[in-house]
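Take a look at the structure set out below.
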């Protein structure tokens, strides 16, 4: 997966990759996921925490999480 | 050495800016009250009228008129202002100044310029060899010495689209033979031969401004990614980034060439890695972006020129955002008249 640990993440959800200069505007769910990925949490724990935070089903968050991780890699490889 | 009085050229802060005003801003930021003198080739150069930066500004003879005239111009500036340091910021001046830098030093004007050999190493028709030496990819490039040869190479050796480049200035992407012939003729008419045909590299354009101490040591650097450019490819908005591969390339460049003074590496990060596109033998026009990001390379250069050494390289934060802007200021017509009649702004 993309090396998101080095991304600069602002309070407003702007992510900046200091190695490529690319920046992304994250929605609140994406921001919550990225924050937890950067802390090294397991996918299951991320899904559980995000589901609780936003009041949605954990299975749905898990699906979104896997898609999101794949998209990050696509973005990274396209840069 | 006496207090430095620094002559700076390239003060054409226009839509295609020279680096001179940015260099002056860096020095003024670092040394309170430093005496700076503008060296201009056009009475309309905006830097001529920046009285807050330059204590005076002089119209200089074009370098194409030869060393004798250019030296006469520099002597005049020196005698009127006490100029004892020169930071040339335009490519076209460099060959003459490099050739005569020892003579300049004897007259009391100190510089830090590349040697003739270093200057030639990074010329566009030799850059492929240097790129190999410093371990960097270089786009496939063919050198041609006439329009017939250009057309022939495009028929046989180089696929379209291609980039037609002059040895010194200008580059155009061309998509067909007619366009290539037209642009090649245009560049050759202005800058002569050879021309270069280069394969375009898709990717992200990265630029590094650096300073080398002539012993092979990198004294500082900043890497940016251009975000928005003018139609000439000049920075309009950009962001600082950290690119370890480009950092290492700049260190190898300094180590291998023992480069003397400022430089800019223009690169493209393609799918398969970093490509070197061009090396400029001077500060780029965006050098104040580096200064404002915490790496004041003009100040470091002045330290090198006056003291032979400079402080340890400064670090900078990635994610600093640079925005160029246009602006106007109103000044006195007398300055314009003085430049025309006396050859300098103050009319002294």
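No lab work stands behind these numbers, since they all come straight from the coordinates. Everything numeric in this text was worked out from a predicted model, so none of it was measured. Please note: Cβ atoms are built from the backbone with ideal geometry, for glycine as well, and neighbour counts cover all protein chains shown.
Here are the numbers for the structure shown:
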item	result
The stretch B:115-225 shape via C-alpha gyration tensor axes, a/c threshold 1.5	prolate
Residues of the stretch B:6-33 with amide N under 20 Å of the 7 Å Cα→Cβ point at residue B:336	B:11-16
Extension gain (nm, one decimal) between residue B:326 and residue B:99, 0.36 nm per residue minus Cα-Cα	78.1 nm
Radius, Kirkwood style, for the stretch B:93-158 when every pair of distinct Cα atoms is counted (Å)	14.6 Å
Relative contact order of chain B, defined on C-alpha pairs under 8 angstrom at six or more residues apart (%)	18 percent
Calculated P(r) tail over 17 Å for the stretch B:140-198, as whole % of Cα pairs	19 percent
Exercise: per-residue mean of other protein chain Cβ atoms within 10 Å, B:239-245	4
Antiparallel content of DSSP bridges confined to the protein assembly as shown, in %, to 5	80 percent
FRET efficiency, 1/(1 + (r/R0)^6) with R0 51 Å, evaluated for residue B:80 and residue A:5 via beta carbons	0.30
Between 0 and 90°, nearest 10: helix B:147-156 axis offset from chain B longest Cα axis	40 degrees
Förster-model FRET efficiency, 56 Å R0, residue B:68 and residue A:41, C-beta, rounded to 0.05	0.15
Within the stretch A:23-50, backbone nitrogen closer than 19 Å to the virtual label 7 Å beyond the Cα of residue A:63 toward Cβ	A:29-30, A:33, A:43-50
Antiparallel bridges, percent of DSSP beta bridges restricted to chain B (to nearest 5)	80 percent
With Cα atoms, 0 to 90° folded angle of helix B:333-342 axis to chain B main axis	90 degrees
Contour excess over end-to-end distance, with Cα ends at residue B:3 and residue B:227 and 0.36 nm allotted per residue	76.7 nm
Percentage of interatomic Cα-Cα distances in the protein assembly as shown larger than 27 Å	59 percent
Global size of chain B as Cα Rg and Dmax, reported in angstrom	20.2, 61
Principal axis dimensions, largest first and in whole angstrom, of the stretch B:221-314 by Cα	41, 28, 22
Crossing angle, helix B:244-257 versus chain B [Cα axis fit, 0-90 degrees, rounded to tens]	70 degrees
Candidates B:54, B:263, B:329: whichever shows maximal mean-square fluctuation once chain B is modelled as a Gaussian network with Cα springs under 10 Å	B:329
Kirkwood-based shape ratio for the stretch B:1-61, expressed as Rg/Rh from alpha carbons	0.96
In range of the label at residue B:271: residues from the stretch B:151-191 whose backbone nitrogen is under 18 Å from the point 7 Å along Cα→Cβ	B:159-162
Compactness of chain A - radius of gyration and Dmax, Cα, Å	12.2, 35
Residue among B:168, B:242, B:145 with the largest mean-square fluctuation in a Gaussian network model of chain B, springs linking Cα atoms under 10 Å	B:145
